[in-house]
Amino acid sequence: MSHTPQDAPAFDARRLSPLGRVQHILHRNPTLVPVIVLLASVGAFGLLAGEKFFSPFNLSLIIQQVSIIGILAAAQSLVILTAGIDLSVAAIMVLISVITGSLAVKLNVPPSLAILCGLFAGALAGAMNGVLVTRFRLPPFIVTLGTWNIFFALNLWLSGAQSIRSQDIDEAAPLLKFFGNNIAVGGARLTYGSVLMVVIFAALWYLLNRTAWGRHVYAIGDDRDAAELAGIRTARTLISVYALAGLVCAVGAWAAIGRVGSVSPQSFYEGNLQSITAVVIGGISLFGGRGSIMGALFGALIVGVFQSGLRLIGVDVLWQVFAIGWLIILAVAIDQWIRKLAA
Amino acid sequence: MSDFVSGGDGNGGGKVGGENGGKNGDGKGADKNGVGDGLVLRARGLTKRYGRVVALDGADFDLRPREILGMIGDNGAGKSSLIKALTGAIAIDEGEMFLNGEAFRFHSPLEARRAGIETVYQNLALSPALSIADNMFMGREIRRRGFLGKYFRALDRREMQRVAREKLNDLGLMTIQNINQAVETLSGGQRQGVAVARAAAFGSRVVILDEPTAALGVKESRRVLELIQDVRARDLSVVLISHDMPHIFEVADRVHIHRLGRRLCVVDPRVHSMADAVAFMTGAREPPVEAR
Ligand SMILES: Nc1ncnc2c1ncn2[C@@H]1O[C@H](COP(=O)(O)OP(=O)(O)OP(=O)(O)O)[C@@H](O)[C@H]1O
Ligand SMILES: [Mg+2]
């Protein structure tokens, strides 16, 4: 009773083996693994590739390169925290960029209104996933596998499988390329899109950790039936999660137009899986309820660092893919090991 | 009640006063008890089938104001199903229920909670990965005062931790040192303690406990029995389901005996012995006519 509650350990650490102690620490801070991997890989590639890699320019370039997948990973994290999965994030994003681009460039809708329409449509597309998952009690994997195809087909239909060219956007609606602008700090060139990604993660972290809604999201991912019995309106909360994920994808769509420069209905086809990769490497459990959304940011950055680093030391692209594959398996193995404590 | 139990998504109960921690809410709940038919809760002919299994087979239920109602019955008799039906956790197939004489049917546990009925379900309904404090305030989080709370819906985590610690101390669960500890790192008994503390702290009309002492030690069970009496002293009604006859006979005013999906009889523990109750419960002896 002499312990103050804050500094009292939750377990008797002295009795544990070193490995057991690591397990406990990771159990409490699942984001520690991606942080360590990120710092270690930046350090390692810094040594191996030197200036080429470890320059403000290259590091800011990495952030810029992962910004779109990072934003998708933020949306993906929300859904995975509820023990779901969203295979449609990239499809929503591309569909929204096509809708926004077509409205502004082809139909001459004022750009700001076109963007608002896009954001609304994104939230609506996400909410559709949520309604199918909750009201019709269908597995998220199947629902979003279906909507992935549906949104992709809609996107091809609306765009006629034609890109909207960069010059046309510049002429009709330069606002659509807003997030492609950049600020130069020293040698670094931070695009607005990079900043946006960080802001999105910070905002979602706040929502998840500092509001009641966030606690409910974790509780649902942990044990949906228990959450329902504890008085959480789980269906409603889940729909809000999917809708918010859709909204984040729509914001990502705006950023993607700035990043790519044009609107291409064929772009980001691998975005769904890449976003899941970032989330998994970030230490968020696919079983829901565990992990921090910040992990997904680190996960996205780790992928970016590996790609840039391996390329700069002259390793073939196929080995980059090879390395990422092992990272995924390693991350899931660590998650399983950590979760054993809970049993 | 609803101003106190304001639960729901993101609109955490900013109004739960720190000092009373929601204890007895505004007191109105107790005053409302006992109007109408004189019963806080009444149910007639509740029926619930799971495929071919009949969990409830025309069960009746009466809960009087300010009483501790013990409930006993064999495994699978339908005790848990009965309280789940009453609290909106499962939907019944047939039957009617009355709250203070008025017909009602809760569609979710949240509705029961808003009516001031707190339940410790047999499986506890805790979120293992979340902290003790998070669990205690699940669905009725306290928001911070001022700008942050109002516009950014920021939680007052310090206050929730303080109240949670206080409630656990009330239960004598001092062995829990860290209120931010994940529930999954607690022992089975400690988890049960958290669930009981949550229900006792927030109930304002009825507190229902489904085997709350099953995993508890002697000392902790004693504290739960004391807590049950404290809750009654606040003019609430308590339903205690347990397989522990001495506990039931110690605290209960009346004992509801459940058998084969329905209420067999209600006995007065001062009139009937534990041996009588067991004989009725197992069907070894016919219950007295006046008790049916
Ligand atoms: N979800 C369910 N699906 C199918 N059958 C169920 C379900 N829940 C309960 N039952 C059945 O209903 C009957 C009553 O179960 P219930 O849990 O109410 O019993 P109980 O009196 O609480 O038992 P115990 O003392 O073991 O807790 C049992 O036969 C059980 O198998
Ligand atoms: Mg039971």
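Dipole size of chain A about its Cα centre, with +1 on Lys/Arg Cβ and -1 on Asp/Glu Cβ: approximately 460 debye, rounded to the nearest 20.
Straight-distance candidates among the aspartates and glutamates for linking to A:Lys177, with alpha-carbon spacing under 16 Å and chain neighbours fewer than 8 residues away dropped: A:Asp168. Near the amide H of B:Glu141, within less than 5 Å, lie the amide hydrogens of B:Gly13, all on another chain or at least 5 residues away, with H placed in the peptide plane.
Working note: Karplus 6.51/-1.76/1.60 with θ = phi - 60° gives region A:90-100 the couplings 5, 5, 4, 4, 5, 4, 5, 5, 5, 4, 4 Hz, where Gly and Pro are set to x.
Measure out, as a whole number of angstrom, how far apart the alpha-carbon centroids of region B:79-112 and region A:172-246 sit. Result: 37 Å between the Cα centres.
Summary value for chain A: 33 percent relative contact order, contacts being C-alpha pairs under 8 angstrom separated by 6+ residues. Between the residues B:Gly70, B:Val218, B:Val289, the greatest Cα displacement towards the positive end of the dipole of chain B, with unit charges on the Cβ of Lys, Arg, Asp and Glu, is found for B:Val218.
Loop-located trypsin sites (Lys or Arg not before Pro) in region B:119-181 (DSSP state other than H, G, I, E, B) with a sparse environment of at most 13 neighbouring Cβ atoms within 10 Å: B:Arg145.
Note: relative contact order over region A:38-142, using C-alpha pairs below 8 Å and six or more positions apart, is 20 percent.
Angle of helix A:234-260 to the longest C-alpha principal axis of chain A, folded into 0 to 90 degrees and rounded to 10: 50°.
Ordering B:Leu46, A:Gly180, A:Gly304 by the projection of their Cα atoms onto the charge dipole of the protein assembly as shown, which places +1 on the Cβ of Lys and Arg and -1 on the Cβ of Asp and Glu, puts A:Gly180 at the extreme positive end.
Taken as Cα centroids, region B:216-248 and region B:132-193 sit 22 Å apart, rounded to the nearest whole angstrom.
Here's the list of aspartates and glutamates a cross-link from B:Lys48 could span, going by alpha-carbon distance under 15 Å and ignoring same-chain residues fewer than 8 apart: B:Asp57, B:Asp60, B:Asp93, B:Glu94, B:Glu96.
Between B and A, roughly 2900 Å² of accessible area is buried in total, ligands, DNA and RNA not counted and the probe set to 1.4 Å. Each of A:Asn129, A:Ile313, B:Ile132 was placed along the dipole of the protein assembly as shown (beta-carbon charges, centred on the mean Cα), and the one lying farthest toward the positive end is A:Ile313. When both bridge partners sit in the protein assembly as shown, DSSP labels roughly 60% of those beta bridges antiparallel.
For B:Gly58, nonlocal amide neighbours, meaning residues 5 or more places apart or on other chains whose placed amide H falls under 5 Å from its own, are B:Leu46, B:Thr47, B:Lys48.
Under 5 Å between amide hydrogens, built in the peptide plane, is the criterion, and for B:Met71 it picks out B:Leu240, B:Ile241, B:Ser242, B:His256 among residues at least 5 positions away or on other chains. Placing B:Ser221, A:Ser262 in order of accessible area, with the largest value first and a 1.4 Å probe, yields A:Ser262, B:Ser221.
The values are calculated or read from the model by the stated rules, or taken from the named source; none is laboratory data. Since this is a predicted model, take the numbers as computed values, not measurements. Note: ideal-geometry Cβ built from the backbone for every residue, glycine included; neighbour counts use all protein chains shown. Note: areas computed on protein heavy atoms with side chains; ligands, DNA, RNA excluded. Shrake-Rupley method; radii C 1.70, N 1.55, O 1.52, S 1.80 Å.
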